[in-house]
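Visitor: Mind looking over this structure? Questions follow.
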Amino acid sequence: MAAPNLSIYLKEDDFIYQADEHKVLLNANQHGIDFMQGLKRRVVYISLYEGIAIVAASAGLALMSGQGLGHSGVLAVIASVIAVLWNLTFNALFERWEAGQAVRGRSVRRRIAHAIGFEGGLVAFLVPMFAWWLDVSLWEALVMDLGLVVFFLVYTFVFNWAFDAVFGLPASASVVVTPEAC
């Protein structure tokens, strides 16, 4: 079944277009397939995101602190646990807010706001822990964390975009196709 041409109703930056036909690719949810929603979506998301993050953070912390990879790796795992708890909380709150918005989809602007909100909250949790674990001042821990934040802002943005492209948007951001729109 061919996808209806919805491009006259939707903003271009919220959707992935077919290159040759320039029609909106429908989200899996619009076909009645809810294979990546709710808890399952969050578990897959967090597992992939944090697995990659632990490897990157371990290397980054080892380089910035002069500590060994093992010491930095333990810190990265602890930071990952904190990040997972924050991720669950932040994304649940973000999706609750998003579900109440009149404009659906995830524009670049909304994705940037999501990444900044998540990373900003995480900084507040991680800086004191970095200072304690690495035995450095809060200022030094903040500088190290800001180095990671720059990486993670880009990583979070790219990861979320890729995740949504592969697994579809969550129900909170999906466009509902009505017969009138077709």
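Visitor: Just grab the label-to-label distance for Arg96 and Lys40, each label 7 Å out from Cα along the Cβ direction, in nm (one decimal).
Guide: Those two pseudo-labels are separated by 2.5 nm.
Visitor: Another question, then. With every atom except the alpha carbons ignored, what do you get for Rg and Dmax of the stretch 111-162, in angstroms?
Guide: When restricted to Cα atoms, the stretch 111-162 yields Rg and Dmax of 11.9, 37 Å.
Visitor: Still on this structure, please answer the following. Run the numbers for Ala113 and Ala56: contour at 0.36 nm per residue of separation, minus the present Cα-Cα distance, in nm. Please list the in-between numbers first.
Guide: On the way: separation 57, 0.36 × 57 = 20.52 nm, distance 2.29 nm.
Fully extending the segment from Ala113 to Ala56 adds 18.2 nm.
Visitor: Got a sec? How would Leu61, Leu88 order by Cβ neighbour count within 10 Å, fewest to most? If you can, show how the numbers build up before the last one.
Guide: Details: Leu61 26, Leu88 14.
Final ranking by Cβ density, sparse to dense: Leu88, Leu61.
Visitor: How are the Cα pair distances of the stretch 61-158 distributed, in percent, across 10 Å bins from 0?
Guide: 15, 44, 27, 12, 3
Visitor: What list of ³J(HN,Hα) values in whole Hz, one per residue of the stretch 98-110 in order, does the Karplus curve 6.51 cos²θ - 1.76 cosθ + 1.60 (θ = phi - 60°) give from phi, with Gly and Pro shown as x?
Guide: Per-residue couplings from phi come out as 4, 4, x, 7, 5, 8, 9, x, 10, 6, 4, 4, 5 Hz.
Visitor: May I pose another question? Using the basic label-point model (7 angstrom from Cα toward the beta carbon), what is the Leu138 to Val84 distance in nanometres?
Guide: 2.9 nm
Visitor: Can you check how the C-alpha radius of gyration of the stretch 34-98 compares to 2.2 N^0.38 Å, as a plain ratio?
Guide: Values: Rg = 14.3 Å, N = 65, 2.2 N^0.38 = 10.7 Å.
In units of the globular-protein estimate, the stretch 34-98 measures up at 1.33.
Visitor: Could you list Asp164, Asp135, Asp145 so that the one with the fewest beta carbons within 10 Å of its beta carbon is first and the one with the most is last? All intermediate terms of the calculation are to be shown ahead of the outcome.
Guide: On the way: Asp164 18, Asp135 10, Asp145 25.
Neighbour counts put them in this order, fewest first: Asp135, Asp164, Asp145.
Every number here is computed from the coordinates shown, using simple stated rules; none is lab data. Predicted model, so just to flag it, every value in this text is computed and none were measured. No Cβ is skipped: glycine too gets one built from the backbone with ideal geometry, and neighbour counts run over all protein chains shown.
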